[in-house]
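First up is the structure itself, then whatever we jot down about it.
The values are calculated or read from the model by the stated rules, or taken from the named source; none is laboratory data. Keep in mind it's a predicted model, so treat the numbers as computed, not measured. Cβ atoms come from the backbone with ideal geometry, glycine included; neighbour counts cover every protein chain shown. Surface accessibility is based on the protein's heavy atoms, side chains included, excluding ligands, DNA and RNA. Shrake-Rupley method; radii C 1.70, N 1.55, O 1.52, S 1.80 Å.
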Amino acid sequence: MRSDCFVSRDIRSGYIALNAIQRRHAKVSTGDTISVSRFIPPDNFNLASLTLELEFIKKRTKNEQVDAVLLDTQLKQRFISQVMTAGQRVPFKYHGNNYIFTVNQAVLERQEGSNAPERGLISNETCIIFEASNSSGIKIVNQREAASSNIFRQKEFNLLSLGIGGLSNEFADRFRRAFASRVFPPHVTSKLGIKHVKGMLLYGPPGTGKTLIARQIGKMLNGREPKIVNGPEVLSKFVGETEKNVRDLFADAENDQQTHGDQSDLHVIIFDEIDAICKSRGSTRDGTGVHDSIVNQLLTKIDGVESLNNVLLIGTTNRKDLLDEALLRLGRLEVQVEISLPDENGRLQILQIHTNKMKENSFLAPDVNLKELAARTKNYSGAELEGVVKTAVSFALNRQLSMDDLTKPVDEKSIKVTMDDFLNALHEITPTFGASTDDLERCR
Ligand SMILES: Nc1ncnc2c1ncn2[C@@H]1O[C@H](COP(=O)(O)OP(=O)(O)OP(=O)(O)O)[C@@H](O)[C@H]1O
């Protein structure tokens, strides 16, 4: 642990005084004998960015709004040239309230080896990003980056709350790493020499939630509605029309970059079934070279001379094996994540997501055992599990309809989806990959 200190007349020579927070952080008690040494910061030890999570020292019921710009100024006055280390907790007073911040991330202007501890000096140039959990009662305003940084908060990056089940923490981690650079403002990224990830490929069997994931990532990154296109829709039988369709996709991003430069919003383009237009060049036998020019068009937009900085392209496919290799290289769809069929626990999560509303509104009969259903649905995809739920509901609704008089009002209270409805639904919805593992292998 590293801490700033000052000489006090109240403390005897040979002694140091630590407050309760410092004692906890250093894992020492009063009266302990410890060894200390002087820390001399090396050259170029300034922090490029510092992510601080704010809390009240004492839990409060009142909500408080904190202006990021004002707090930034105050903290810099108070802590300028002090060293901050990831994990460190520091109390401070602001507008009459006692707060404590935890250093969640500390990034040096000069990158060190990945094993170096995350620490450095606060300078006037350090970009401070404030975070506060929803439950803290603190609302941070006036910080453009705050919205996008939410995605990266370990605790808050909860795929389940986004309606996505069956993905492990490892996925969350990969996504977070891929988009971490997007939290920092442009002047910091240029100092760090970071290039944003501009493309991502989600691949795997149909119905596993690739489009759903792409859409949620898009929404979280800038709050704008992502553009979703479908490979086959972009294809046109008219000469030159497909290339134009691809160019048009990027037009908004181009205009935005021209008008706003670094301040441009992030444009997320989701390309479903990207294999339809990005098959390996030369692999199609139409002899026209049309496919080649479409792939080239897309590559130019992602990393060519005309490339854009404000674009994130997320492609989805069931057939990664058909994709043009060039599309998968660094700087293009460089982050590739396999989304496979959910395991038993994942299936349980997906079933929970799709029955949550029913449960809340007491439409789910007490005999429904989702754990058992998860165990019985091996090889079902997320979409198929959703299908099972919908079919079970349709059975339950059918029971309420009187075939003699369809105008007869339905008694809402008596609608109950039972375990039998689910078991019957399993006969109707069967998994695509139930029989053949070969087909499944092709989606890898
Ligand atoms: N992991 C999941 N968690 C929750 N719901 C899911 C999941 N996977 C699929 N679903 C449900 O199935 C629907 C269809 O999935 P989606 O279209 O995202 O799959 P996909 O992998 O993109 O399929 P395709 O490859 O056929 O395009 C989703 O909108 C969602 O309702």
A careful count of residues in the range 354-386 that are within 16 Å of the ligand (Cβ to nearest atom) and without any contact (Cβ under 8 Å) to a residue 12 or more places away in the chain gives 3
Those residues of the range 341-364 which are small (Gly, Ala, Ser) and modelled with pLDDT of 90 or more amount to 346
Checked pairs for the range 27-54, first on the phi > 0 side of the Ramachandran plot, second open to solvent by less than 50 Å² (accessible area, probe 1.4 Å), C-beta under 9 Å and 6 or more apart or across chains, list as 44/108
Residues of the range 20-41 being surrounded by 10 or more Cβ atoms within 10 Å (Cβ to Cβ), part of a loop (DSSP other than H, G, I, E, B) and not β-branched (Val, Ile, Thr), in sequence order, are 32, 39, 41
Q.
Taking the criterion of being touching an Asp or Glu at 6+ places or on another chain (Cβ under 6 Å) and either outside the structural domain of residue 2 (by TED's automatic domain parsing) or touching a residue at least 24 places away in the same chain (Cβ under 8 Å) (or both), would at least one residue in the range 76-86 satisfy it?
A. yes
The residue that is surrounded by the most Cβ atoms within 10 Å (Cβ to Cβ), considering only those in the range 208-257 that are more than 16 Å from the ligand (Cβ to nearest atom) and among the hydroxyl-bearing types (Ser, Thr, Tyr), is 242
How many residues of the range 319-348 are surrounded by 15 or more Cβ atoms within 10 Å (Cβ to Cβ), closer than 21 Å to residue 176 by Cα and more than 15 Å from the ligand (Cβ to nearest atom)? The answer is 5
